[in-house]
Amino acid sequence: MIVKRIAFLLFLCCAAIPAAFPAIAAAAGQAEWSVGKADLTGWLPDRDGPVILNGAWELYWHSLLTPQQLADGQTDVQPIAVKVPSPWSSSRIGGGKLPNQGYATYRLRIELPTHSELRTLALEVRGIATSYRLWINGKLRASNGIVGTDPSSMKPANYPKLVFFEPQAGTNELVVQVANYVQRKGGIWESIRIGGAEQIAFSHKRSYGAEMLLTGSLLIMGLYHLGLYAFRRKEASTLYFGLLSLSIAVRTIVQGQAIVYTLFPGLPWEIGVKFEYLSSIVAFQGLLLFARAEYGRRLNPLVTRVSLFVNGCISMCVLFTPAIVYTYIMLPYQLFVALPILAYSLILFIRASLHRRIGLLINLIGMAALSMSIAIDILYYNHVIGFGDYVPYGLLAFLFTQSVNLSMRFARTARHAEKLAEQLQASNDSLEIKVKKRTTELQDANEQLVQANEEMSRMELFRTRLISDISHELGTPLTSIKGFSLAMMEGVVTDDYLKYARRIHERSQLLERLLDDLTELAKLENRQVRFDYRRTEVVPFIRQLFHKYEWDLLEQGLSFEWEEPPLAEERRTAYAELDPVRIEQVLANLLSNAQKHAPAGGTIRLRLELVDSHHAGGIAIVSVSDTGPGIPPDETERIFERFYRLQGDSAVVKGSGLGLAICKEIVSYHRGEIGVESSPGTGSRFYFRLPVRFEGAKLEKGA
């Protein structure tokens, strides 16, 4: 719906251009004409508006006459009737056409009303080729360039001017001296308008402002598209469209109101004309390149190459020859180059529309508006019709349609890009998930491999150390068994066989105990033992163990004492994550060692301490003290090594030397530590620490 509305508005705008042409013709018909005389006696500027002085003027060929000379009859030249506006080469004298180069004097008498309602009037003078002087009622009112009778005495200039004058009742005379030796057309070839001073000034300002606005719009559009091409070289159509816009902008400021001469007053006429012709050539070539790049890329490029060559040659001619030369090639160029380019471009647009490659109505209307304005201007500048200079407006309509087309294409591209971005984001997310999943799987596999390697390393270490320990520790009991059995076999022992059999049995039990302890220690060291951790209340658990082993120690004639935390500490419940069986194994081993080393009637003390280390957390210290001989200081550091036995210890034969090493591994599994405090002659204190967590309020002493 939006596209159709835009197309309808453009159609109305384009239709308004030809609709204005009859109004222009009607304005010209307000005067009644005879040769050299316009009757405006019934004309009032405020009521009827400006009048175009199109009609038959008097022309004095090869004579530069002043109003005074004409009034005094100081000339032998007979005037001829010429049509204004038109170049004088379209008139005949002596049976032949007037040449393009030469000089002449134009004369027109205007009959104005005789009443006193006329105020200050103005003339809008535009295209007079290529220098002139203008008198109104005998007074020199305006000039452009220098009028001369030969090329050396003439200086060209041609840009619009407003001429204000005070009219006189009845007849008013216009005398215009014109000279041309620099281009193909000479004379008054654009309409001269007469009207009220305010009307003509306002109309001139309006046209000037419109052309300034149009030039600015074309300039901005051209620079914008050149900027697009600078950042995206693949879209060559934006380059050609930018060149087309800039070239028409240049053409606009050198034609019409000739803005360039206002901006640069000293600019030579020749340079301005070169800009005018070169901009037209570039515009046609840019239009063709744009149409092909946008809608005919698959077509044979021969047309484009030929047009580039032809336009290049003509451009060189314009650059390096004077206007008197290259202005003569413009009509053939328009007929055989410009119009075919225009037709070919229009065909490309129609073809693309039929294939639904462009915005159908919008682009066709824009191209039709541009084509129609170009055709009108070609006819106008060749004096076939009396109205023109519509190319900038046609191009503006074309620019608008192309802007709409580009906007829609960019919108489609943006939507497509957004869709691709969403798909890419989804793919990235999916890929990230896959990568994370694969990475996790690889990490898990790697961790499993590392664990397997560590397990294999531990197994190998376990095997190596087990073999080494077995070979080291089993040697002594095996040697004893072998010696006792050999002595019995060879008859060395002849009596008391029971004694030797008992010794062999003791050594066998030691071997069995040694193998069990060695296997357990190796498994503990290689983390091959599973612990059954339970949340256990520490004080009742240790108190229970005390009562469990109390009678065994009492039967050995030893005193067994229990010391638990004070009541205040006891009321704070301490819990530990532990394996009850393994902790009992540690405590039983420590009690067994204390029993072995305590003297008859000695004392063994089991003590439990609870120590705060941080909020809600602390340490439980379980210690076993005896009154035995103690341990030398140099041996306390090695007491927990495997197979280490105290020097001179009579109880070594009863143990494997692995018990304390096993205790150390079990305590480390519980994130605790084990140690010993001892001095010779004062007994020993073995202890282990376990992390605990307190629950309940702490009671003050005496509570």
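Checking the conditions here, which among ALA576, ALA598 is crowded, with 19+ Cβ neighbours inside 10 Å and closer than 26 Å to TYR669 by Cβ?
Going through ALA576, ALA598 in turn, the sole match is ALA576.
Of (1) free of Cβ contacts under 8 Å to residues at least 40 places away in the same chain; (2) surrounded by fewer than 16 Cβ atoms within 10 Å (Cβ to Cβ), GLU276 satisfies all except one. Which?
Result: GLU276 fails condition (2) only.
How about region 320-330: which of its residues are of a type in the set (A, V, I, L, M, F, W, C) and more than 50 Å from the chain's Cα centre (by Cα)? It would help to see each step written out before you state the result.
Just the residues of region 320-330 that are of a type in the set (A, V, I, L, M, F, W, C), to begin with: 320, 323-325, 329-330.
Hits for region 320-330 are ALA323, ILE324, VAL325, ILE329.
For the list (1) small (Gly, Ala, Ser); (2) closer than 26 Å to PRO156 by Cβ; (3) without any contact (Cβ under 8 Å) to a residue 40 or more places away in the chain, I need the number of the one condition that ALA338 fails.
With respect to (1) small (Gly, Ala, Ser); (2) closer than 26 Å to PRO156 by Cβ; (3) without any contact (Cβ under 8 Å) to a residue 40 or more places away in the chain, ALA338 is out only on (3).
Is it true that TYR159 is more than 57 Å from the chain's Cα centre (by Cα) and touching a residue at least 60 places away in the same chain (Cβ under 8 Å)?
no
For every residue, the table says whether it meets (1) in a strand (DSSP E or B); (2) surrounded by 17 or more Cβ atoms within 10 Å (Cβ to Cβ); (3) touching a residue at least 12 places away in the same chain (Cβ under 8 Å).
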{"residue": "SER89", "(1), (2), (3)": "no, yes, yes"}
{"residue": "PRO99", "(1), (2), (3)": "no, no, no"}
{"residue": "TYR103", "(1), (2), (3)": "yes, yes, yes"}
{"residue": "LEU118", "(1), (2), (3)": "no, yes, yes"}
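Between LEU364, LEU424, which is in contact with a helix residue (DSSP H, G or I) (Cβ under 8 Å, 6 or more places away or on another chain) and either at pLDDT below 80 or farther than 30 Å from SER191 by Cα (or both)?
Values: LEU424 fails: in contact with a helix residue (DSSP H, G or I) (Cβ under 8 Å, 6 or more places away or on another chain).
Just one listed residue meets the conditions, LEU364.
Would you mind telling me which numbered condition in (1) more than 30 Å from THR321 (Cβ to Cβ); (2) at pLDDT below 90; (3) among the hydroxyl-bearing types (Ser, Thr, Tyr) SER245 fails?
For SER245, the exception is condition (1).
Could you check how many residues of region 229-258 are part of a helix (DSSP H, G or I) and either buried (at least 18 other Cβ atoms within 10 Å of the Cβ) or in contact with a Lys or Arg (Cβ under 7 Å, 6 or more places away or on another chain) (or both)?
Adding up the residues that qualify gives 19.
Condition check ((1) touching a Leu at 6+ places or on another chain (Cβ under 8 Å); (2) in the same structural domain as ALA179 (by TED's automatic domain parsing); (3) part of a strand (DSSP E or B); (4) touching a residue at least 24 places away in the same chain (Cβ under 8 Å)) across all residues:
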{"site": "GLN78", "(1), (2), (3), (4)": "no, yes, no, no"}
{"site": "LYS83", "(1), (2), (3), (4)": "no, yes, yes, yes"}
{"site": "LEU108", "(1), (2), (3), (4)": "yes, yes, yes, yes"}
{"site": "GLU124", "(1), (2), (3), (4)": "yes, yes, yes, yes"}
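Residue-by-condition table, conditions (1) modelled with pLDDT of 90 or more; (2) under 20 Å from PRO392 (Cβ atoms); (3) of a type in the set (Ser, Thr, Tyr); (4) touching a strand residue (DSSP E or B) at 6+ places or on another chain (Cβ under 6 Å):
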{"site": "GLY272", "(1), (2), (3), (4)": "yes, yes, no, no"}
{"site": "GLY312", "(1), (2), (3), (4)": "yes, no, no, no"}
{"site": "MET330", "(1), (2), (3), (4)": "no, yes, no, no"}
{"site": "TYR344", "(1), (2), (3), (4)": "no, no, yes, no"}
{"site": "ILE350", "(1), (2), (3), (4)": "no, no, no, no"}
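Tell me whether region 543-563 contains one or more residues that are closer than 13 Å to ASP626 by Cα, surrounded by 13 or more Cβ atoms within 10 Å (Cβ to Cβ), among the aliphatic types (A, V, I, L, M) and in contact with a Gly (Cβ under 7 Å, 6 or more places away or on another chain).
yes
Spot the failing condition for THR171; the list is (1) assigned to a loop (DSSP other than H, G, I, E, B); (2) in contact (Cβ under 8 Å) with a residue 40 or more places away in the chain; (3) surrounded by fewer than 16 Cβ atoms within 10 Å (Cβ to Cβ), and only one is missed.
Condition (1) is where THR171 drops out.
The values are calculated or read from the model by the stated rules, or taken from the named source; none is laboratory data. The shown structure was predicted, so the numbers you read here are calculated from the model rather than taken from an experiment. Virtual Cβ from ideal backbone geometry, glycine too; neighbours counted across all protein chains shown.
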